[in-house]
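The values are calculated or read from the model by the stated rules, or taken from the named source; none is laboratory data. Everything numeric here is computed off the predicted structure, so don't read it as measured data. All Cβ positions, glycine included, derive from the backbone under ideal geometry; neighbour counts span all protein chains shown. Side chains included, ligands, DNA and RNA excluded: accessible areas come from the protein's heavy atoms. Shrake-Rupley method; radii C 1.70, N 1.55, O 1.52, S 1.80 Å.
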Amino acid sequence: MANHKRFSRRPQPKHKKQKKSQHDKRTRLEHPNPNRKKTTKAKVPLTGAMQTAVSVLQAVMDRRIAFRLAIVVAGMFLADDRRTASAWFVAAGVQDDWDRFYDCLISVGRTSGKLATAVLGLIVQKFAPGLGDRILLGMDDSPTSRYGRHVEGAGVHHNPTPGPADGEWLYGHNWVALAWLATHPVWGVIALPLRSMLYVREVDVPKLAEKHDWEFRTKHQLGLELLTWFMQSIRALGLEVKVWLAVDGAYAARPFLLPVLDLGIVVVSRLRKDVCLFDLPAAGSHGNRIYGKNTISLAKRAGHREGWQTITYQCRGVEVTRQYKTFLATSRLISGQIRVVIVRFKDGSWAPYFCTDTSAAARDILEAMAARWAIEEHFHDVKEVWGAGQQQVRNVWSNVGCWHLNQWLYTLVELCCWDVPKSELADRRERSWDNPDRRPSHADRRRSISRDMLQRQFLAALPRTPDNRKLHTLLETLVALAL
């Protein structure tokens, strides 16, 4: 069997020839059908807190198209299998005006900034009474795999989580996402996605710019734009609190850190083990001196036996006890002082972290970095539970709209189920092999809302007969099997 060499060079996309779509919009506009059925409401409408939350988003949109948002969202809850946009429409009961619902997705993408501000308002309204003096944000980028030469904004990106049969690269979209990291009193840290920006490689921008006037921006520039929007939004909402941002090592770069610090945001991130650090300037030295004369080696500090302290902190929902060292250093990353924390694990390995606030406690830094993992859990659930990236739309704004709808529903489901008892979200009595004490997953919370929608739709229509209770039980069993 021939051995294939692995090349570090980025591959080029290859597509088969595709036929022209049979659904040409220009043909439909030139020959309108006056008898086509219009969709005015969902087959199974939204209920309760979710209906109220979606109505807040509808108020931001154009009233001529806003009513379609609730219909699309209802279809997203009930769609199964491969969750394409057409599967949403089928589950929602969309009729002959299906093309208007694709226009609704484009409208959501174009107005994503205004809709994200409405979502942020719902989060602030939920947590404002017990918000405290600090907001913790998380930021990261994640790709969604696509296929097709006509998918606007798609390109070849690194695959961060390749499986056994996956390659180092994938073709699709890459999203820079910003999330609010909230701590649930029982379930730990949960990421509530707010807004995302589509990253398009510079080589792919000219083709997109011909139609949409797209400009190239790096991931750091997109992240800075997201943070600028967030700071302006919370100030408009009247919040005067500290904002911390937890990011991975890819964002621990000078072009990103300096503008973020100008926004008044404290950054917590991971350091390279070979990073260039200096000690503090000597007391009484020249006032313009930023760096000390001596370099600091993290490997030597981590290898030294003395100076270790023990700390217990929350890490992914459990308390862990580890050894650590902390000290102040000066770095060219921010042209100033940073707080460095080195953590040693049970297997003897170690990891360095830093915080731009030199007065921050080691516990706060470690817990912030542990909380950052919630955004990775969100990426997993938004793709596995909601099917983000499966919508099979081509227009770039449709793709932006679909991605945001998946993210916002993740946030709204978490908000609606925040105070709901565990017994109402997940019933594992029929699964004797499962752990009854396991916290409800996001899929459990989503199913609880879908179950409530179906029960209110069908149970209310049952006739009042002597066997009414039996019919209720049978219907509840069918609803449980359907979900």
Taking the stated definitions as given, is R82 in a helix (DSSP H, G or I) and either open to solvent by 80 Å² or more (accessible area, probe 1.4 Å) or at pLDDT 90 or above (or both)?
no
Quick one: I365 ticks every box in (1) out of contact with any Lys or Arg (no Cβ under 9 Å at 6 or more places or on another chain); (2) modelled with pLDDT of 95 or more except a single one, so which number is it?
(1)
Given (1) open to solvent by less than 10 Å² (accessible area, probe 1.4 Å); (2) assigned to a helix (DSSP H, G or I), identify the lone condition not met by G148.
(2)
For G238, state whether it is on the phi > 0 side of the Ramachandran plot, touching a Gly at 6+ places or on another chain (Cβ under 8 Å) and open to solvent by 10 Å² or more (accessible area, probe 1.4 Å).
no
It is to be established whether one or more residues within region 104-112 are surrounded by fewer than 16 Cβ atoms within 10 Å (Cβ to Cβ) and not basic (K, R).
no
Pairs needed: first member in region 115-128, more than 11 Å from L239 (Cβ to Cβ); second member anywhere, in a helix (DSSP H, G or I) and open to solvent by 20 Å² or more (accessible area, probe 1.4 Å); C-beta distance under 6 Å; at least 6 residues apart or different chains.
A118/V56; K126/L415
When you check A91 against the structure, is it open to solvent by less than 30 Å² (accessible area, probe 1.4 Å) and either more than 19 Å from R445 (Cβ to Cβ) or assigned to a loop (DSSP other than H, G, I, E, B) (or both), yes or no?
no
Could you check region 419-470 and list, in sequence order, the residues that are at pLDDT 75 or above and basic (K, R)?
K422, R428, R431, R438, R439, R445, R446, R447, R451, R456
Would you mind listing the helices (runs of 4 or more DSSP H) fully within region 285-395 where at least 3 residues are without any contact (Cβ under 8 Å) to a residue 60 or more places away in the chain and surrounded by 14 or more Cβ atoms within 10 Å (Cβ to Cβ)?
298-303, 362-371
Residues being aromatic (F, W, Y), open to solvent by 20 Å² or more (accessible area, probe 1.4 Å) and within 14 Å of L226 (Cβ to Cβ) - total across region 173-206:
1
Test: L415 is of a type in the set (A, V, I, L, M, F, W, C), part of a helix (DSSP H, G or I), modelled with pLDDT of 85 or more and open to solvent by less than 20 Å² (accessible area, probe 1.4 Å):
no
So, V73, is that one at pLDDT 95 or above, touching a His at 6+ places or on another chain (Cβ under 9 Å) and either open to solvent by less than 70 Å² (accessible area, probe 1.4 Å) or hydrophobic (A, V, I, L, M, F, W, C) (or both) or not?
no
Are any of the residues in region 226-233 assigned to a strand (DSSP E or B), in contact with a strand residue (DSSP E or B) (Cβ under 8 Å, 6 or more places away or on another chain) and not hydroxyl-bearing (S, T, Y)?
no
Would you check which residues across region 245-274 are part of a strand (DSSP E or B) and open to solvent by 10 Å² or more (accessible area, probe 1.4 Å) and list them?
V266, R270
Of the residues that make up region 421-438, is at least one charged (D, E, K, R) and under 30 Å from L198 (Cβ atoms)?
no
